[in-house]
1. Of Lys82/Lys106; Lys41/Lys145; Lys6/Lys106; Lys54/Lys146; Lys41/Lys85; Lys81/Lys119, which ones are farther than 28 Å apart at the Cα?
2. Compute the relative contact order of segment 1-88 as a whole-number percentage, counting only Cα pairs closer than 8 Å that sit 6 or more residues apart in sequence.
3. Roughly how many Å is it from the Cα centre of segment 101-146 to that of segment 1-64, as a whole number?
4. Work out the length of the dipole vector of segment 1-80 about its Cα centre, built from +1 on the beta-carbon of each Lys and Arg and -1 on the beta-carbon of each Asp and Glu, and round it to the nearest 20 debye.
5. According to a simple spin-label model (label point 7 Å from Cα along Cα-to-Cβ), what is the distance in nm between Lys94 and Glu43?
6. What residue among Leu111, Ile49, Thr132 has its Cα farthest toward the positive end of the dipole of the chain, where the charges are +1 on Lys, Arg and -1 on Asp, Glu, each on the Cβ?
7. Mind ordering 75-83, 22-30, 38-46, 128-136 by average Cβ neighbours within 10 Å, highest first?
8. With +1 on the Cβ of every Lys and Arg and -1 on the Cβ of every Asp and Glu, and nothing else charged, how large is the dipole of segment 1-45 about its Cα centre, in debye rounded to the nearest 20?
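Taken together, the values in this text are just the output of simple stated rules run on the coordinates, not laboratory data. These numbers were taken from a predicted model, which means no experiment stands behind them. When we count neighbours, we look across all protein chains shown, and the Cβ atoms used for this are built from the backbone with ideal geometry, even at glycine.
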Amino acid sequence: MKIVIKDFQQLNIYELYAILQLRSAVFVVEQDCVYQDLDGKDEKALHVIGLKNKKVVAYTRIFKPGDYFESTSIGRVVVAKKERKFGYGKAIMKASIKAVHETLGKTIIKLSAQTYLIKFYNSLGFIEEGETYLEDGIPHVAMVKK
């Protein structure tokens, strides 16, 4: 998997369409969750895109402090269902953490994790913070990496 990082203005319409298609396929269709994925925040984000044979198979978005949470954050972490057995989730997260450090320096990173992925994020150095809560009907927990 090749990873590219772009701000919103650098995305072409085909990349944007593929990103939104992947997010919808997983977060709306696969997880059977009706929610507003297009939240008006993509314009502020740094987009980390995992490509396999020129197709978007993994993705995250990064926000500077104050653009989503008080601290730097990583969100919309997603891997295409057929591509999950290859370690792309860990690869896209490591690239995202590296991008945070390269663009924003050593900073606290926050994310809102679906609870079934706690061990995955623990393996990347994130720890739970606070109680479990429902986000769009799915159990989540805040996690931070210091």
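1. Lys82/Lys106; Lys54/Lys146; Lys41/Lys85, as the Cα separations exceed 28 Å there.
2. 30
3. Each part reduced to its Cα centre gives a spacing of 19 Å.
4. 420
5. 3.6
6. Ranked along the dipole, the leading option is Ile49.
7. Highest to lowest by the protection proxy: 75-83, 22-30, 38-46, 128-136.
8. Here the size comes out at about 200 debye.
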